[in-house]
1. In the stretch B:81-106, how many residues are under 22 Å from the mean Cα position of the chain (by Cα) and more than 13 Å from residue B:170 (Cα to Cα)?
2. Might you check whether a residue that is among the hydroxyl-bearing types (Ser, Thr, Tyr) and either at pLDDT 95 or above or open to solvent by less than 30 Å² (accessible area, probe 1.4 Å) (or both) occurs anywhere in the stretch A:316-323?
3. Quick check on this structure: which one of B:250, B:246, B:254 is at pLDDT 90 or above and small (Gly, Ala, Ser)?
4. Among the residues that make up the stretch A:376-389, is at least one of them under 30 Å from residue A:229 (Cα atoms) and either surrounded by 22 or more Cβ atoms within 10 Å (Cβ to Cβ) or within 21 Å of the chain's Cα centre (by Cα) (or both)?
5. Out of the stretch B:44-63, which residues are facing chain A (nearest Cβ under 9 Å) and in contact with a helix residue (DSSP H, G or I) (Cβ under 7 Å, 6 or more places away or on another chain)?
6. Determine which single condition residue B:117 fails, assuming it passes every other condition in (1) open to solvent by 60 Å² or more (accessible area, probe 1.4 Å); (2) within 14 Å of chain A (Cβ to nearest Cβ).
7. Please pick out the residue among B:133, B:143, B:122 that is at pLDDT below 95, under 26 Å from residue B:225 (Cβ atoms) and either away from chain A (no Cβ under 14 Å) or open to solvent by 60 Å² or more (accessible area, probe 1.4 Å) (or both).
8. Listed residues A:183, A:221, A:133; which is under 22 Å from residue A:403 (Cβ atoms), surrounded by fewer than 24 Cβ atoms within 10 Å (Cβ to Cβ) and among the aromatic types (Phe, Trp, Tyr)?
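The values are calculated or read from the model by the stated rules, or taken from the named source; none is laboratory data. All of these numbers come straight from a predicted model, not from anything done at the bench. Ideal geometry is used to build each Cβ from the backbone, glycine not excepted, and the neighbour counts take in all protein chains shown. These accessible areas exclude ligands, DNA and RNA; they are computed on the full protein's heavy atoms, side chains included. Shrake-Rupley method; radii C 1.70, N 1.55, O 1.52, S 1.80 Å.
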Amino acid sequence: MQIWLPFRRAASPTTARRRVLPALATAAVTALALSACSAPTTTPRGPEFFDWADVQIAAEGQTVKLWMWGGDDQGNAYVDDVLAPAAAVQGVTLERVPIADTKDALNRVFTELQAGRNTDGAVDLVWINGDNFRTGKQADAWFCEWTDLLPNMTLVSDSDPLLTEDFGTPVDGCEAPWHKAQFSFVYNEATVPNPPTTIEGILDWAEDNPGRFTYPAAPDFTGSAFLREVLYSVSGGYENVPSVYSDDAFAELSPALYERLDQLAPSLWREGSTYPATSEQLTKLFADGEIDLMMTYGPATLTALVENGTLPETTRVLTVEDGTLGNASFFGIPSNSGNIAGAMVVANEALSVEQQVAKADPAVWGQFTVLDLDVLSADDRALFDALPQSPVVPSFDILSQNANPELSAEWVPALDDGWRTTIAAR
Amino acid sequence: MQSRPRRHGMRATLLVLPAIIPVAIVVIGGIGTTVVQSLGLMPLVGAPALSTDAFGSADDLLGSALLSLGIAVVSTAIAAVVGFFTAVLIISGNWGGRIVGALSAAAVTVPHLVGAASVGLLLSDSGVLARILGIPPESWPALVAGPTWFAVIAEYAWKESAFVALIIVGTLATRITSYDETAAVLGAHRGARLRFVVLPLAAPSLLVASAIAFAYTLGSYEVAWLLGKTYPEPLSVMALRLFNSASLTARPEAAAVAVITLLLTAAIVGVAMLGLRRMRAWQ
């Protein structure tokens with residue numbers, strides 16, 4: 001009978017304190033129960049397969065859920081219409097899960113790991129790179145040492161720094177390359193007849209043309225890349241910025257960056273009183289003719305945007321003398337995926353010559369290949385050479401001239417926070 | 001004597017348990033997890049250690065809290081006034097009232113995210129309204145992402161006023177006619193009836209609906225994130241940014257901001273509930 005007492009008390013009219021106590025007790029018990037099942041058990045899962053045949057057998061019939069940013073129609077269409085059918089031939093069903101931000105996928109994995117869901121997570125494959133990869137690696141959220149098993153990894157150069165390190169974080173077989181990207185400035189030829197040719201020139205141009213330039217607010221991916229571009233420029237080139245983060249380097253180099261941006265702010269769109277929150281909002285400002293010069297880390301999408309009339313026909317990519325940042329995108333497999341073999345099959349398929357050529361076609365997606373063209377057979381290389389040129393986006397070798405390496409991932413949140421407290425708060 | 005009420009209480013408890021248990025797990029569990037995370041007891045990596053560091057580490061917390069309160073107070077106040085008069089119009093039962101009633105019911109079903117996107121398309125520099133009026137972006141006032149938070153407040157006020165109106169209509173519809181007619185027969189004119197009959201009858205539900213709208217406005221992030229200014233940011237946007245931040249230590253900070261938001265909301269809803277107990281029509 002004792003056990004019913006608290007309930008009777010709660011039901012009868014009594015003092016507030018007596019009513020609160022059972023509620024508090026329930027809260028404490030629930031919280032304890034929840035935290036008990038969330039004991040961190042993120043022991044990384046090592047390789048589970050002897051060879052590729054092993055993987056193929058295990059992958060048969062699996063359904064792989066690929067979590068990727070859903071805001072790029074061409075990318076979505078490529079995965080649905082080109083990659084998924086190819087995976088189906090291998091016996092793997094590929095399902096695309098569109099997300100607003102890659103961090104949503106990472107957060108889902110973290111939450112599942114905290115809740116003890118260690119072997120059947122909702123995320124099997126993530127399109128990822130940079131600080132997201134590093135954070136996942138720190139939390140042991142990735143399945144590692146699996147890329148050596150992929151037969152198509154032989155087509156990829158093992159000395160390409162873009163592919164062995166991801167924003168300074170060693171890849172260590174925890175992610176498989178997918179394609180390369182180059183940060184690009186974009187201008188409207190009709191309104192900017194004599195475009196600037198350096199980063200500093202772009203900032204000067206913005207000051208000469210008040211209200212016609214802006215950049216996305218950090219921590220947006222593109223906005224935060226722009227901070228790094230300007231950091232390189234004000235530091236006299238990327239050679240002068242140590243890629244490994246240290247508080248000293250930050251304290252020494254960042255004041256010049258923020259000073260320059262502070263000086264620039266009154267000349268920006270809306271006098272820098274606010275900034276577009278995302279790169280899509282920036283693209284919309286450019287499309288609406290509110291600004292004449294913008295930037296993107298995904299130049300691949302420009303061709304289609306011009307073709308379908310979103311962007312003016314006079315849209316051009318600006319190649320700057322200082323060079324721009326370049327990076328590679330990867331596929332990561334969360335350690336709690338239940339379909340690891342299937343995910344590996346998809347990642348391998350995505351690295352095939354056929355898929356890389358199809359994806360590099362501007363009419364399909366226009367993403368730059370990660371394959372090492374020197375190790376390809378003459379026939380395969382001819383496929384890449386025969387690709388149609390985009391009228392808007394120059395080819396990768398032109399775009400990546402003087403390419404700048406990315407800083408290590410620790411730089412990113414430091415620069416973002418500094419920007420928010422000094423420039424956004426000005 | 002003693003056993004009867006006890007059995008009664010037990011039976012009542014058992015009957016509501018199926019409703020209470022899931023709510024308790026979700027609400028208390030959610031809040032509990034957030035509190036535990038904010039105190040550093042649920043880290044993503046490393047050993048759990050009790051600390052209140054997270055509460056002090058987010059900068060400009062005060063500015064964000066004031067901004068959040070400001071947005072919530074202004075939009076809830078507008079929603080309460082507009083909602084009340086909308087309800088009166090709906091209750092009046094004429095054609096206009098019915099149309100307004102249908103529009104309000106439709107507005108409640110629109111998700112805030114869709115509402116925010118629509119308001120953005122309508123009010124932004126080169127939005128629909130600016131184009132219809134033929135005003136170039138440079139001369140259009142900064143309604144979206146501007147210093148006044150106009151678009152954010154407008155979206156909340158619009159959506160929540162429909163909600164407030166429907167709640168008031170729900171409580172007034174059954175009893176208003178007889179009171180109102182009695183007052184009219186006794187010679188009360190329109191203004192007096194509104195003040196001495198409709199308002200007191202509607203007050204409790206108006207207060208409850210406003211408290212719900214206020215709590216929602218303070219806690220939701222999507223409208224402020226889509227339509228707001230870069231800096232300063234409301235608490236909810238700050239919590240989201242921190243939660244999504246790539247650094248592993250940011251999660252406790254996000255949880256701490258959420259706990260502060262929760263305490264603020266609880267305090268103000270608590271005051272509203274105290275006010276409710278004093279209302280005559282409630283007793």
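1. 7
2. In the first step, residues of the stretch A:316-323 are kept if they are among the hydroxyl-bearing types (Ser, Thr, Tyr); the result is A:319.
After this cut, where a residue has to be either at pLDDT 95 or above or open to solvent by less than 30 Å² (accessible area, probe 1.4 Å) (or both) as well, the list is none.
Looking for residues that are among the hydroxyl-bearing types (Ser, Thr, Tyr) and either at pLDDT 95 or above or open to solvent by less than 30 Å² (accessible area, probe 1.4 Å) (or both), one finds none in the stretch A:316-323, hence no.
3. Exactly one of B:250, B:246, B:254 is at pLDDT 90 or above and small (Gly, Ala, Ser), namely B:254.
4. The answer is no, given that none of the residues of the stretch A:376-389 is under 30 Å from residue A:229 (Cα atoms) and either surrounded by 22 or more Cβ atoms within 10 Å (Cβ to Cβ) or within 21 Å of the chain's Cα centre (by Cα) (or both).
5. Residues satisfying the conditions are B:44, B:45, B:59.
6. (1)
7. Details: B:133 fails: under 26 Å from residue B:225 (Cβ atoms); B:143 fails: either away from chain A (no Cβ under 14 Å) or open to solvent by 60 Å² or more (accessible area, probe 1.4 Å) (or both).
Step by step, each of B:133, B:143, B:122 is checked, and only B:122 is at pLDDT below 95, under 26 Å from residue B:225 (Cβ atoms) and either away from chain A (no Cβ under 14 Å) or open to solvent by 60 Å² or more (accessible area, probe 1.4 Å) (or both).
8. Step by step, each of A:183, A:221, A:133 is checked, and only A:221 is under 22 Å from residue A:403 (Cβ atoms), surrounded by fewer than 24 Cβ atoms within 10 Å (Cβ to Cβ) and among the aromatic types (Phe, Trp, Tyr).
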